[in-house]
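Participant: I'd like to ask some things about the structure below.
The values are calculated or read from the model by the stated rules, or taken from the named source; none is laboratory data. Nothing here was measured: the structure is a model prediction, and the numbers come from that model. Counting neighbours? That spans all protein chains shown, and the Cβs are built from the backbone with ideal geometry, glycine included.
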Amino acid sequence: MASLFSKIFRTGLVTEPFSPVDADVERVLEAISARTRNLLGRALAIREVDAGSCNGCEIEISGITGPTYDASQFGIHFVASPRHADMLLVTGPVTRNMELPLRKTYEATPDPKLVVAVGDCARTCGVFAGSYAIVGSVDTVIPVDVFVDGCPPTPTAILTGILAALDRR
Amino acid sequence: MTDYLLQLINVALVLAVSPALVGLIRWLKARMQNRRGAPIWQPYFELRKLFGKEVVVSDTASWVFRATPYIVFASTLAVALLVPLVRIPVPVALGSDLIVVVYLLLLGTFFLALAGLDTGSPFGGMGSSREMTVAALAEPTIALAIFSLAVGAGSTDLGRIVAETLNAPTTVAAPGHLLGFAALFIVMLAETGRLPVDNPSTHLELTMIHEAMILEYSGRYLALIEWASGMKLFIFLSLLANLYVPWGIATSNDPAGLAVGLLALLGKVVVLGCAIAALETRLAKLRLFRVPELLSVSFVLALLAVTSSFVVR
């Protein structure tokens, strides 16, 4: 027990200061922080929906809750139910089996709600395009506010996308 | 009259401070995971946001689902009115009785379990059955642990128990006292849904207890339930503090004494909050089938506490 706590103490903070990719994004971020305060009160609950992804995006998404990126410092946290959520984070091309669950999840989310589609597959279906198992991109099923590009996108890109979606409201 | 007014201020205090306690524990845990973490006042932002959101209710939900958040919130507020927090004695007419307090808390749990079943979602029913299992094992222990103090004080009135302990400071080191504290601490972890019984930050439906029952709630209903569970945590911690380490609590209505009482209460609750955060960093969640073992340990501790209170007296 003592060794655990001494290791915690020796390691110190590992959270990196949030560094957006370029100066443009930085300006957007500053504008957002003022506006999100009015809209969602600096508290954003996210429900992650895997609509048929290869799980590459999920690994990056789980990265943003880890110590390095620590999304909770911005008041962003993941929840277990769409009823608790303000934002849906959808990954992957929408498969036939996930079309109805995705639509139902969207309906179960209370207003005001946002949708961020993460990864190239969510926009273009990626390597799965044309498959008999695929319905199409995420925006053919539910309205999408922001797409985050990348295969898979980095945690920084996902965070920037989330903040950009807040700005669109 | 002032007695009653001051007791109402207790309620305002619990309402105002409990989200910060939840935030403090989360922040401490984040620091112990080497994360930066959300500020301590984050739960206030979350509550404000939830009150402004739409409420989505399933078609299959009945009145139980809609009434439960108000019942849970009101019963917790009623408990806040009854327990000795900043000052003693609690006005007798309010009936600050141990048994009333224990069963008012159980009333909220009972309705929460009904609401979990109400919408017919599989996770809700699972959460309800688990919560009832834990409650059935934990409830007698709370009563028994505090009974060991009641035996010494000769009364089940919580204010009287605190006053008796203040009068006879040596009883704090009595075996009945120490065993009772250990028993009540374990039960507090179970009742307020902390590790190792339930994980308050879990996203896995299969491991949830408290969270599984409230999966269907949204908007202001969710806010009321979250706020009530924060208040329950605050009440449990202040009961632990005031019953077992009563020093600092105000015994009259003089303002300086009340200020000391308030600071002492907050200080003791913060220390217990730190203990919870350290414990949750160290402990893994117990397998569900091992929870009854932990709770029977706490029951045995409580039983020994009562026995030793009789013998030592």
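Participant: Restricting attention to the range B:192-226, which residues are more than 11 Å from every other protein chain (Cβ to nearest Cβ), touching a Lys or Arg at 6+ places or on another chain (Cβ under 9 Å) and charged (D, E, K, R)?
Facilitator: B:Asp198
Participant: Mind listing whichever residues of the range A:60-97 are charged (D, E, K, R), assigned to a helix (DSSP H, G or I) and within 14 Å of chain B (Cβ to nearest Cβ)?
Facilitator: Passing the criteria: only A:Arg83.
Participant: Looking only at the range B:52-66, filter to residues that are assigned to a helix (DSSP H, G or I) and surrounded by 14 or more Cβ atoms within 10 Å (Cβ to Cβ); which one of those is farthest from the other protein chains (Cβ to nearest Cβ)?
Facilitator: B:Val64
Participant: A follow-up question, please. Out of all the residues in the range A:1-59, which are within 17 Å of A:Ile76 (Cα to Cα), at pLDDT 80 or above, at the interface with another protein chain (Cβ under 9 Å from one of its Cβ atoms) and not in a loop (DSSP other than H, G, I, E, B)?
Facilitator: The answer is A:Leu44, A:Ala45, A:Glu48.
Participant: For a quick check of your reading: which strands (runs of 3 or more DSSP E) sit entirely within the range A:102-162 and have at least 3 residues that are at pLDDT 90 or above and either within 30 Å of B:Ser121 (Cβ to Cβ) or within 14 Å of another protein chain (Cβ to nearest Cβ) (or both)?
Facilitator: In the range A:102-162, the matching strands (runs of 3 or more DSSP E) lie at A:114-118.
Participant: Continuing with this model, one more query. Test B:Gly159 against the criterion of being part of a helix (DSSP H, G or I), closer than 21 Å to B:Ser96 by Cβ and touching a Pro at 6+ places or on another chain (Cβ under 9 Å), and give yes or no.
Facilitator: Yes, satisfied.
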